[in-house]
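Chemist: One structure, as structure tokens, below. Some questions next.
Bear in mind that the values in this text are calculations on the coordinates, not laboratory data. No experiment lies behind these values; they were computed from the predicted model shown. Using ideal geometry, Cβ is built from the backbone for each residue, glycine included, and neighbour counts are taken over all protein chains shown.
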Amino acid sequence: MINVIIPTLGRPHRLISTLQGLKENSKGLVEVIIIADEKDRETIEAVCNYGSTGVTIPLELRVLKGHPTPIEKWNHGARNAKDVEWIMLAADDIVFTHKWDIISVATPNYGFLALRDSPTSEKHFEPHYMATRDWLRTNNGGVLACPHYKHWCPDVEIADRARALGHYVVSEAIIPHNHVIFETASNDATYEKGKAHYAEDLALLHKRQIQGYLNDFESYL
Amino acid sequence: MNYMLSILLVINCFTTNIEQFRAEETVDCESLLIKTLDINGTYPGDITVTITYNFNLAANGRLQIANTPAAMEAYRGAVKANEAFRHKYPKVALYTIIMRDTVNELCRFSFNGKHSLPTSAKCAAWVENTISND
């Protein structure tokens, strides 16, 4: 099973579209945790309405106080995920394609799978990934995403960690990521909010790279 | 304010399985905004130090904590306490500040295909008092 953790903010329509894609294209291997802000009432109501109209995948919505970062949301979801084998760092701007779950789990791996945008992707890292609980415990400090970052770079750090071990494997599934920086999504307030942390997170990444990616945070898995 | 590790006795926040530390190490948790401080492991050897704060340090990262005077003061205090600890026990091989997730979850819903189901009375009350009254 794969626990799909989706932080969301101010994008009810995109989120519902993502959930619909999950419902239609997953083959029974997923559970979903959505993490929303308390003030994001439109999203909360959209998920409640969606969840009340024939949703066929296990779905949970967790509402957090204040304005947590996406990193906090991913980690909160992973901390509370049921004891399933895989945990996925997902988002409300990705597209789940046909049988993505079966194809991913069937990809030979060491417990970490980068989730590529396209068949031709040659990036050093992919912005979304899934890993087994055991792999995260052993190789990522027991967390889904390094909690020191605010928005960016846990994907780079975990990719670096996986590469150093020879564990970096890309899933054979394609999971397009429609993001403003790839010019595959229109800009919105959520993307703008994330951009504010880019320089700070990048500087922290460089510092952590030099230090050798210390596990200087709490393990919760 | 003096933040050295051994200055004040606020023993109820501090636990350890290491006899040498239990005898003398204390920390002014209140002044450092520390909720609990647990030191466990084998001395000399690998020691894990778990500090739980009364504010959401994890939300901002250890090096980027909230820019409030109280939070900054607490962070400086923790750093000085660490330095004192390292100086006093140089054989300690591992010293880790571990941060708790203090994100506050207001409500959780599960769904059965027909209804959205608040999973606690607190959550149901939150829905009643906020969502329903918007």
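Chemist: Using only alpha carbon pairs under 8 Å that are at least six residues apart, calculate the relative contact order of chain A and give it in whole percent.
Modeler: On the way: 401 pairs, mean separation 50.5, N = 221.
Relative CO of chain A lands at 23 percent.
Chemist: Given the pairs A:Lys65/A:Lys150; A:Lys82/B:Lys114; A:Lys65/A:Lys99; A:Lys23/A:Lys150; A:Lys39/A:Lys195; A:Lys123/A:Lys150, which are separated by over 25 angstrom at their Cα positions?
Modeler: Numbers: A:Lys65/A:Lys150 17 Å; A:Lys82/B:Lys114 22 Å; A:Lys65/A:Lys99 35 Å; A:Lys23/A:Lys150 30 Å; A:Lys39/A:Lys195 21 Å; A:Lys123/A:Lys150 22 Å.
Among A:Lys65/A:Lys150; A:Lys82/B:Lys114; A:Lys65/A:Lys99; A:Lys23/A:Lys150; A:Lys39/A:Lys195; A:Lys123/A:Lys150, the Cα-Cα distance tops 25 Å for A:Lys65/A:Lys99; A:Lys23/A:Lys150.
Chemist: Taking every residue in A:41-53, how many Cβ atoms of other protein chains lie within 10 Å of its Cβ, on average?
Modeler: Working: counts 3, 1, 0, 6, 3, 0, 3, 8, 1, 2, 9, 8, 3.
Per-residue shielding by partner chains comes out at 4.
Chemist: Another question, then. Once you place label points 7 Å from the Cα toward the Cβ at A:Arg163 and B:Ala124, how far apart are they in nm?
Modeler: Roughly 5.2 nm, to one decimal.
Chemist: Hey, another quick one. According to a simple spin-label model (label point 7 Å from Cα along Cα-to-Cβ), what is the distance in nm between A:Tyr110 and B:His115?
Modeler: Spacing of the two 7 Å Cα→Cβ label points: 4.9 nm.
Chemist: Taking the Cα centre of each part, how many Å lie between the range A:196-221 and the range A:1-46?
Modeler: Value for the Cα centre distance between the two parts: 27 Å.
Chemist: Nearest 0.05, what FRET efficiency do A:Gln211 and A:His179 give at R0 = 30 Å with Cβ-Cβ as r? Don't skip to the end; give the middle numbers.
Modeler: Details: r = 29 Å, r/R0 = 0.95.
E(calc), rounded to 0.05, equals 0.60.
Chemist: If you don't mind, there's one more thing I want to ask. How far apart, in nanometres, would the label points at A:Asp83 and A:Ile103 be if each is projected 7 angstrom from Cα along the Cα-to-Cβ direction?
Modeler: 3.3 nm
Chemist: Can you give the mean number of other chain Cβ atoms that lie within 10 Å of the Cβ atoms in peptide B:110-122?
Modeler: Values: counts 5, 14, 4, 8, 5, 3, 11, 4, 3, 3, 0, 0, 0.
Counting other chains' Cβ atoms within 10 Å and averaging over B:110-122 gives 5.
Chemist: Beta carbons within 10 angstrom, averaged per residue: use that to sort the peptides A:71-83, A:113-125, highest first.
Modeler: A:71-83, A:113-125
Chemist: With n ≥ 4 as the cut-off for DSSP H runs, can you work out [θ] at 222 nm for chain A, using -39500 (n - 2.57) per run divided by the number of residues, rounded to the nearest 500? Show your work: numbers first, answer last.
Modeler: Working: 8 runs with 82 residues, N = 221.
Mean residue ellipticity at 222 nm (helix-derived): -11000 deg cm²/dmol.
Chemist: On full extension of the chain, what length is gained from A:Lys27 through A:Thr138, given 0.36 nm per residue of separation minus the C-alpha to C-alpha distance?
Modeler: Working: separation 111, 0.36 × 111 = 39.96 nm, distance 2.85 nm.
Taking A:Lys27 through A:Thr138 to full extension adds about 37.1 nm, to one decimal.
Chemist: In the range A:89-104, whose amide N lies under 19 Å from the spot 7 Å out along Cα-to-Cβ of A:Ser186? List them in ranges.
Modeler: So the set is A:92-95.
Chemist: Something else about it: Please give the charge dipole size of chain A, origin at the Cα centre, charges +1 on K and R Cβ atoms and -1 on D and E Cβ atoms. Round to the nearest 20 debye.
Modeler: Values: 23 positive and 29 negative charges, 44 e Å.
The calculated dipole for chain A is roughly 220 debye.
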